[in-house]
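This report concerns only the one structure given below.
The values are calculated or read from the model by the stated rules, or taken from the named source; none is laboratory data. Keep in mind the model is a prediction, meaning the values are calculated, not measured. Because the Cβ atoms are built from the backbone with ideal geometry, glycine has one as well, and the counts that use them run over all protein chains shown. We work out accessible area using only protein heavy atoms, side chains counted, and drop any ligands, DNA or RNA first. Shrake-Rupley method; radii C 1.70, N 1.55, O 1.52, S 1.80 Å.
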Amino acid sequence: MRETALTARQVNITYGAGTAAVPALRDVSLTFSPGCLALVMGPSGSGKTTLLSVLGCMLLPDQGDVHVRGQSVRALDEQRRGDLRRQNIGYVFQAFRLFRALSALDNVVLALDVAGESGRRARARAEEGLAAVGMAAKARLKPHELSGGEKQRVAIARALVNDPPIVLADEPTASLDWRAGEEIAIMLLRIAKERGKLVVVVTHDPRMTPFGQRIVKMEDGRVIEDMEAR
Amino acid sequence: MWLAWRNLNHDRFRFLVTIVGIAFAVFLMIFQGSLLVGFLRAASKPIDMTEADLWIAARGVEAFEFASPLPERFYDIVAGVEGVETVHRMTVGFTFYQKPSGMQQSVLLVGAEPGIGSRFPVPYVDAMRTSLAPDAILVDSSNAPTLLLDLVPAGIEISGQRARVVNIIDGFGSFFGTPFVFTGYEDAVRYLRWPGDATVFLIVQVEPGSLQEAKRAVQAELPEVDVWTRDEFSRRARLFWVRKTGAGGAILMAAVLGFLVGLVIVSQNIYATTMENLEEFATLKAIGARRWYIQKVVLMQALACGSVGSVIGLAALLPLLGPIRGTISWIDTPWWLPTGMILVGLVMCVLASVASIRKALAVEPGRVFRA
C-alpha cells in the first residue's frame, strides 16, 4: 500500500452562523501521497484557500479530520498543531510573507531558528537552501531589493530548509510575470519529483496546469473533479 | 534575539522615538528620585548627624524645624534618669539675619551644646571640640550667596546682635528656602530672645545596651513630652515633610508621572510596531513558532528599547548633576538610584509589551493565505 502524506476526511467548514452561514468546505475527502505535485484549482470562493488552511493545520474543520502523516490534527491543541506544522509542512504564500527587516539569507535562517537551529550551521544550511533555488548571489539583499520571482524563490528556500515532507503553496505564481511563474512551477515540480515531497498548490493560474501531476477541481466548497494528469 | 534587533533597526525612526521616550522617562525618574532622596535626607539631616540615642521634644513636634520650648527643669530631670549618660540642649528657631548690605534675611537658627556629635555643625574653638567660639556662627556654602557672604570671617548681625560667620560648611543646605545658621546653644538662646524657656530638644546619650529601658524611664518621668529614638524622630521628620507639606508627595508624583509618560510612549510605540508587523507574527505562527518564541521577539524589542533608552537617559542626567547641585544643594543621587530606576525602566518596558504580546499571540496564522 502506498504511503500517504496528507489526508482530509469528510471535512466540513462553515463560516458564520444562522441565515448568514456560508459553507466553505462540504464533505471534502482527499488523500495525497509523497512525490506528487497536486494542483487544487477552481474559481474564487470555491474553497481552495480554506482547504489549504485546513490541510496546513491552521484551521480546524467543523466536522471531519485531517491527518498529517498519519497524525490526526483534530486531537491536537494549538501548540501541538504548531509543532506539527514546523516538523512536517513548508509554506509558500502568494504574498511571499518575507520579513522586511531581514535579508534573504536571514529569512531562511529564521525558519531554522524557529525550529531550534541557530549559529553557523544554520547559516550554512540556509546558504545551501538559497543556492538550491538560484539565489546564492542575492543572499544579502532585503526583500524590497528583490523581484517578485526572486522573493518567491527565497520563500521556497525558506519552506524547504527544514526538509519538511509536505509543501503547501497558495497561488505561488499569481504575483509573477509569465517567465518567473513558469520557473517557480518547474521548481515546485522538481521538488516533488526529485526530492519526493508532496507539493499541494492552490492556484487558478492556467500556466500551472501542465506541471500538475494531479488536479483537484473545486466549486462551492466541493471537490467536483479529482484526476491524475497525463 | 536577532529578529527583535533587526525589526527595531529596520524602523529606525520609531526606534528613535521609543528610546527618546524611555530616556526622558528614566531621566525624569532619576532626577525626581534624586530630589526625593535628597529631600528626605535633608529633612532629617540635623537629626541624623547627632550622636544622640534619644530625642526629647514637646508633645506633638513632628519636625526638627518646627519645635516648641521645653521647661528648663526637664534637663535636670532627664539627667537624673537611670541609664542616661549625657544630656545636651538644643534650640531651634526662626530669626533675622542682617546681611553685610544691611538687608534682613529670615534664617533658621540652630544652637547646640558641644558633645552632641562630631558631625553636627557647632563652631568649636579647637580640634578637641570641647569649647565654643563666642558669637560665632556657621553657614552652609549653598546659602552663602543668599546671605551675601564672600569671605569669612565676616561680621554680621542676628536679631540686632553682633555675630561673626567663622566658617562655611557643606552638606547642611536648607531645603525649604530659609537658610540654616548654626551656632552654640548659649549664643542661640541669646540671639533668639525668647521670653522664658529656650530649649526645644534634649539630646540624650544612654548607657550602652539600655536604649529601650532608658526611653521608657524618661517617658515615665516626663509623660508630657515625646521621647523618640534618633531613628524614630528621623523617620517622623521625613514623613512630616513628605505627607503633611505635600512637597515630598509632589516630587514623588512627578517621578510616578515620569514612569507613566514613559510607559505610555513605550506601549504605544511597541504596540504600533507589533501591529505593523502583525503579518510577520502570523507568518511566524504559520511556520510553527512556539508561543515563547513570539513572546521573546516582542519582549526583546521592548527590553532593547528599554536598555538603550535607559543608558541614554542616565548618560544625559549624570553630567547635569553637578550644575544642578549648584542650584539644589540637597539633591542626592545614591548609587542605587540610577540602578533601581534603570530596572524600573526595564519593568516599564516589560509592562508596555504585555498588550503587544497578547496581540501577537492572538493573530490567526491562517491570515497568511490572504494576499
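Could you run through the range B:1-59 and say how many residues are closer than 20 Å to residue B:176 by Cβ and either under 15 Å from the mean Cα position of the chain (by Cα) or within 14 Å of chain A (Cβ to nearest Cβ) (or both)? Qualifying residue count, the range B:1-59: 18.
Among the candidates A:157, A:229, the residue that is among the small types (Gly, Ala, Ser) and either under 17 Å from residue A:108 (Cα atoms) or at pLDDT 95 or above (or both) is uniquely A:157. Number of residues in the range A:120-132 that are open to solvent by less than 10 Å² (accessible area, probe 1.4 Å) and either touching a residue at least 24 places away in the same chain (Cβ under 8 Å) or touching a Ser or Thr at 6+ places or on another chain (Cβ under 9 Å) (or both) equals 2. Candidates are the residues of the range B:108-142 that are open to solvent by 10 Å² or more (accessible area, probe 1.4 Å) and farther than 25 Å from residue B:205 by Cα; the one that is nearest to the chain's Cα centre (by Cα) is B:142. Of B:280, B:207, B:276, which residue is farther than 30 Å from residue B:295 by Cβ and open to solvent by 10 Å² or more (accessible area, probe 1.4 Å)? Just a single option satisfies the conditions, and that option is B:207. Out of the range B:78-107, which residues are assigned to a helix (DSSP H, G or I) and loosely packed, with under 15 Cβ neighbours inside 10 Å? B:79, the sole residue that qualifies.
Give me the strands (runs of 3 or more DSSP E) completely within the range A:13-119, filtered to those with at least 3 residues that are open to solvent by 40 Å² or more (accessible area, probe 1.4 Å), ordered by residue number.
Filter on the range A:13-119 gives A:22-32.
Mind listing whichever residues of the range A:97-118 are within 11 Å of chain B (Cβ to nearest Cβ) and free of Cβ contacts under 8 Å to residues at least 40 places away in the same chain? Hits for the range A:97-118 are A:103, A:106, A:109, A:113, A:114, A:116, A:118. Look at residue B:204 and say whether it is under 29 Å from residue B:230 (Cα atoms) and of a type outside the set (Phe, Trp, Tyr). Yes; evaluated as a whole, the condition is true for this residue.
From the list B:294, B:270, B:265, pick out the single residue that is open to solvent by 10 Å² or more (accessible area, probe 1.4 Å) and among the β-branched types (Val, Ile, Thr).
On the way: B:294 fails: open to solvent by 10 Å² or more (accessible area, probe 1.4 Å); B:270 fails: open to solvent by 10 Å² or more (accessible area, probe 1.4 Å).
Among B:294, B:270, B:265, only B:265 is open to solvent by 10 Å² or more (accessible area, probe 1.4 Å) and among the β-branched types (Val, Ile, Thr).
Annotation note: of A:83, A:65, A:106, the sole residue that is among the acidic types (Asp, Glu) and over 19 Å from the mean Cα position of the chain (by Cα) is A:106.
Cβ-Cβ distances below 8 Å connect the following pairs, each with a first residue in the range B:50-71 that is closer than 10 Å to residue B:237 by Cβ, a second residue that is part of a loop (DSSP other than H, G, I, E, B), and a separation of six or more residues or different chains: B:61/B:67; B:61/B:68; B:61/B:200; B:65/B:176. Of all residues in the range B:331-371, those being within 14 Å of chain A (Cβ to nearest Cβ), assigned to a helix (DSSP H, G or I) and of a type in the set (D, E, K, R) number 1.
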